[in-house]
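The values are calculated or read from the model by the stated rules, or taken from the named source; none is laboratory data. What you see is a predicted model, and the numbers here were worked out from it, not measured in a lab. When we count neighbours, we look across all protein chains shown, and the Cβ atoms used for this are built from the backbone with ideal geometry, even at glycine. With ligands, DNA and RNA removed, areas are computed over all heavy atoms of the protein, side chains included. Shrake-Rupley method; radii C 1.70, N 1.55, O 1.52, S 1.80 Å.
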Amino acid sequence: MPIPRKKFVAGNWKMNMTSSEVAPYLEIFNREIETVENVDITLIPSFTALAKASEILDGTQKIRLGAQNMSPESKGAFTGEISVTMLRDLFVRFVLVGHSERRRLFGETDEMARRKIITALATEIRPILCIGETLEERQAGQEKTVLEGQLRGALEGLSKDQIDEIIVAYEPVWAIGTGLTATPAQAQEAHHFIRAYLSKTWGPEVSSRSRILYGGSVTSDNARVLLEQPDIDGALVGGASLDPRGFAEIVAAAVPAE
Ligand code: 13P
């Protein structure tokens, strides 16, 4: 029997929350998740809030930290960028790569995502590679071609060991911040396709261990049915993670049934 994949729930705060809002948030969130076990919980704040969260959490294992972005370069004259070493310094364990907002608004390409993945892995920060199709691409029936292209562009040539450290997040662009969620069946179909690609390329053992998250208008109302799907191993939550109580409900929905 393969070991069941532990659910992973991450809150991407995007460009919200000042550093002074972090302590009140954590006070409520910590209390709400006190009895939760067997779920990996990660907060992904903005850089300034990240520094504050790191100070408050002080390396606690229950809530881990991720960054929303990082430079593919290791150090030097890159004004405005944040390096992987700076993230390590704050005990950051994960980094988002290829988020659709960075692709669409800041020109991030598959090649840049790939360079960031390689830099992050070399410093033992685990990349969360975000992929997903636009509405036009789905309407044209191209979603699988798009997903495969993004996976290949960011991951081709990586070793099995490297793939073991990567989390993939399926975030259909049309579902992000729109209130439109993929149906559980649509999401499951995409996740199954992603796992099949990982299996075809790196083998069934690697793909059966890989965690694939769903993101796009996840709320405490729809989290459970999404997380029940066999290939959905967690959620990457945007807007609904800004409310500590609501986010704690999503985390609770990921607790495995007895
Ligand atoms: P929403 O949950 O606000 O739709 O955002 C999803 C997302 O982009 C998470 O990275």
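Kindly indicate whether GLY149 is more than 16 Å from the chain's Cα centre (by Cα) and part of a helix (DSSP H, G or I). Even if it seems obvious, please write down each step before you answer.
Values: more than 16 Å from the chain's Cα centre (by Cα): yes; part of a helix (DSSP H, G or I): yes.
When the stated conditions are applied, GLY149 passes them.
PRO45 - would you say it is farther than 19 Å from GLY239 by Cβ, out of contact with any Pro (no Cβ under 6 Å at 6 or more places or on another chain) and either touching a residue at least 24 places away in the same chain (Cβ under 8 Å) or more than 16 Å from the ligand (Cβ to nearest atom) (or both)? Break it down stepwise before answering.
Values: farther than 19 Å from GLY239 by Cβ: no; out of contact with any Pro (no Cβ under 6 Å at 6 or more places or on another chain): yes; either touching a residue at least 24 places away in the same chain (Cβ under 8 Å) or more than 16 Å from the ligand (Cβ to nearest atom) (or both): yes.
The answer is no for PRO45.
Yes/no per residue for (1) assigned to a helix (DSSP H, G or I); (2) crowded, with 20+ Cβ neighbours inside 10 Å; (3) not acidic (Asp, Glu):
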position: GLN188; (1), (2), (3): yes, no, yes
position: HIS192; (1), (2), (3): yes, no, yes
position: LEU198; (1), (2), (3): yes, yes, yes
position: THR201; (1), (2), (3): yes, no, yes
position: VAL206; (1), (2), (3): yes, no, yes
position: VAL218; (1), (2), (3): no, yes, yes
position: VAL225; (1), (2), (3): yes, no, yes
position: GLN229; (1), (2), (3): no, no, yes
position: ALA240; (1), (2), (3): yes, no, yes
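So which residues in region 113-124 are of a type in the set (A, V, I, L, M, F, W, C) and crowded, with 22+ Cβ neighbours inside 10 Å? Steps first, answer last, please.
Step one: filter region 113-124 for residues of a type in the set (A, V, I, L, M, F, W, C), giving 113, 117-118, 120-122.
Answer for region 113-124, where residues must be of a type in the set (A, V, I, L, M, F, W, C) and crowded, with 22+ Cβ neighbours inside 10 Å: ALA113, ILE117, ALA120.
If you go through region 125-139 one residue at a time, how many are at pLDDT 95 or above, over 21 Å from LEU198 (Cα atoms) and either aliphatic (A, V, I, L, M) or open to solvent by 60 Å² or more (accessible area, probe 1.4 Å) (or both)?
So the answer is 0.
Just to check your reading of the model, which residue among ASN69, ASN16 is loosely packed, with under 15 Cβ neighbours inside 10 Å, of a type outside the set (A, V, I, L, M, F, W, C) and under 20 Å from GLY215 (Cα atoms)?
On the way: ASN69 fails: loosely packed, with under 15 Cβ neighbours inside 10 Å.
Unique residue meeting the criteria: ASN16.
Going by the structure shown, is ALA185 over 27 Å from GLU73 (Cα atoms) and in contact with a Ser or Thr (Cβ under 7 Å, 6 or more places away or on another chain)? Even if it seems obvious, please write down each step before you answer.
Details: over 27 Å from GLU73 (Cα atoms): yes; in contact with a Ser or Thr (Cβ under 7 Å, 6 or more places away or on another chain): no.
Here the answer is no, as ALA185 does not meet what is asked.
Taking the condition of being over 18 Å from the mean Cα position of the chain (by Cα) and touching a residue at least 40 places away in the same chain (Cβ under 8 Å), how many residues in region 94-113 meet it? I'd like the intermediate steps shown before the answer.
Keep residues of region 94-113 that are over 18 Å from the mean Cα position of the chain (by Cα), which gives 105-107, 111.
The next check asks that each one be touching a residue at least 40 places away in the same chain (Cβ under 8 Å); those that pass are 111.
Number satisfying all stated conditions: 1.
In region 27-42, which residue that is without any contact (Cβ under 8 Å) to a residue 60 or more places away in the chain and not charged (D, E, K, R) is least open to solvent (accessible area, probe 1.4 Å)?
THR42
Any idea which of LEU129, LEU180, LEU198, LEU213 is within 14 Å of the ligand (Cβ to nearest atom) and farther than 15 Å from VAL97 by Cα? Spell out the reasoning first.
Working: LEU129 fails: farther than 15 Å from VAL97 by Cα; LEU198 fails: within 14 Å of the ligand (Cβ to nearest atom); LEU213 fails: farther than 15 Å from VAL97 by Cα.
After applying the criteria, what remains is LEU180.
Given the conditions (1) touching a Gly at 6+ places or on another chain (Cβ under 8 Å); (2) free of Cβ contacts under 8 Å to residues at least 24 places away in the same chain, which single one is not true for PHE91?
(2)
So, in region 156-176, of the ones that are outside any helix (DSSP H, G or I) and in contact with an Asp or Glu (Cβ under 9 Å, 6 or more places away or on another chain), which residue ends up most open to solvent (accessible area, probe 1.4 Å)? Full working, then the answer.
Filtering region 156-176 for residues outside any helix (DSSP H, G or I) gives 156-159, 165-172, 176.
Imposing the further condition that a residue be in contact with an Asp or Glu (Cβ under 9 Å, 6 or more places away or on another chain) reduces the set to 165, 167, 172, 176.
Numbers: GLU165: 78, ILE167: 1, PRO172: 0, ILE176: 27 Å².
The qualifying residue most open to solvent (accessible area, probe 1.4 Å) is GLU165.
Tell me yes or no: at least one residue of region 79-88 is closer than 26 Å to VAL173 by Cα and free of Cβ contacts under 8 Å to residues at least 60 places away in the same chain.
From region 79-88, those closer than 26 Å to VAL173 by Cα are 81-82; that's our starting set.
Going one step further and asking which of them are free of Cβ contacts under 8 Å to residues at least 60 places away in the same chain, we end up with 81-82.
Yes; the residues of region 79-88 include at least one that is closer than 26 Å to VAL173 by Cα and free of Cβ contacts under 8 Å to residues at least 60 places away in the same chain.
Given the criteria in contact with a Lys or Arg (Cβ under 7 Å, 6 or more places away or on another chain), without any contact (Cβ under 8 Å) to a residue 60 or more places away in the chain and within 12 Å of the ligand (Cβ to nearest atom), does TRP174 qualify?
Here the answer is yes, as TRP174 does meet what is asked.
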